[in-house]
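First up is the structure itself, then whatever we jot down about it.
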Amino acid sequence: MVLNLKNKKFRLYEVRDTDETAILYKEAMPDDFVSQFGSKLLKLINIELATSDYSSGIVFEEYGKLGGYIAYTLNSSKLYSNVVRKHFFKILLIFGTKLLTSPKFLFEYFKVRSVMKKLNSQSTQVELIIAGLKPEFRGRKIGKVIYIKAMEDCLLRGATEIKAIIHEEDPVINNLYKKLGFKERERMKFRNTIRKIMVFSINDQESMEIYKNALDLVNKIESTI
Ligand SMILES: CC(C)(COP(=O)(O)OP(=O)(O)OC[C@H]1O[C@@H](n2cnc3c(N)ncnc32)[C@H](O)[C@@H]1OP(=O)(O)O)[C@@H](O)C(=O)NCCC(=O)NCCS
């Protein structure tokens, strides 16, 4: 399929997007650790992503309607600790309720925390928190554009590495990350599935070439609209 950007717009993530994208997050990544806590927690995280100077995102719109988004942060431990600090009692209630119904979440929480620490070992790294399109927009090359635009913003912000955790078995995600120049750095087991830590590094010449070619293509198409 040829990439068609007519009537489509990509803009920065804003607070007005946080309700709709909290629903989209849960729908797009149902087995993500944070998704298990419901859209109230997702909305609090989204607000921090949209308003903090160390995080940002890109929204995709067609005819003015939101079709998907990507959000990223330069510091995921700061992101989550700020959410907890600013909304302590709400978070306590959300976590407490979840723990009462499913105590194994405490074990998962510590596992996720240790992964976060690993991901955050350098300050010039960016972590991709979420990328999701509404189902009707998937498979039309829009995902690739939204990722390229996010990567462009991350590199402009001084990131030297961009990281994400993906499912080993998901062919779309695996293909997409390869096509963007990401490379596998590490594997880990999480809930009987294998997750891969994928890294894009500006110091990898091959990765930078893939990214630059994709960026050139997007810019060329946009300039003809
Ligand atoms: C992941 C997602 C954002 C990708 O966006 P998309 O618009 O569907 O993907 P694109 O059409 O831009 O395709 C990008 C690449 O993905 C791969 N891909 C897309 N659809 C595919 C399919 N059905 N099978 C295999 N690979 C596929 C291809 O490599 C493609 O690049 P290519 O066409 O140059 O080969 C989107 O599918 C989505 O929202 N999925 C659900 C949420 C999710 O999984 N989020 C990611 C969490 S890490």
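Taking the residues in segment 128-159 that are away from the ligand (no atom under 11 Å from the Cβ) and either within 18 Å of residue 213 (Cα to Cα) or buried (at least 20 other Cβ atoms within 10 Å of the Cβ) (or both) as candidates, determine which candidate is farthest from the chain's Cα centre (by Cα).
156
I'm trying to understand the selection: among the residues of segment 21-75, which are touching a strand residue (DSSP E or B) at 6+ places or on another chain (Cβ under 8 Å), crowded, with 16+ Cβ neighbours inside 10 Å and assigned to a helix (DSSP H, G or I)?
Within segment 21-75, 21, 24, 25, 28, 45, 46, 48, 49, 50 meet the criteria.
Confirm whether residue 86 is without any contact (Cβ under 8 Å) to a residue 60 or more places away in the chain and within 14 Å of residue 44 (Cβ to Cβ).
yes
Looking only at segment 160-176, which residues are of a type outside the set (S, T, N, Q) and more than 8 Å from the ligand (Cβ to nearest atom)?
Listed by number, the residues that qualify are 161, 162, 163, 168, 169.
I'd like the residue in segment 8-54 that is away from the ligand (no atom under 16 Å from the Cβ) and touching a residue at least 40 places away in the same chain (Cβ under 8 Å) and, out of all such residues, is farthest from residue 99 (Cα to Cα).
11
Can you confirm whether segment 171-178 contains a residue that is free of Cβ contacts under 8 Å to residues at least 12 places away in the same chain, charged (D, E, K, R) and closer than 17 Å to residue 201 by Cβ?
Yes, segment 171-178 contains a residue that is free of Cβ contacts under 8 Å to residues at least 12 places away in the same chain, charged (D, E, K, R) and closer than 17 Å to residue 201 by Cβ.
Read-outs: derived from the displayed coordinates by stated rules, not from any lab. The structure displayed is predicted, hence computed values, not measured ones. Quick reminder, even Gly has a Cβ in these numbers, built from the backbone with ideal geometry, and neighbours come from all protein chains shown.
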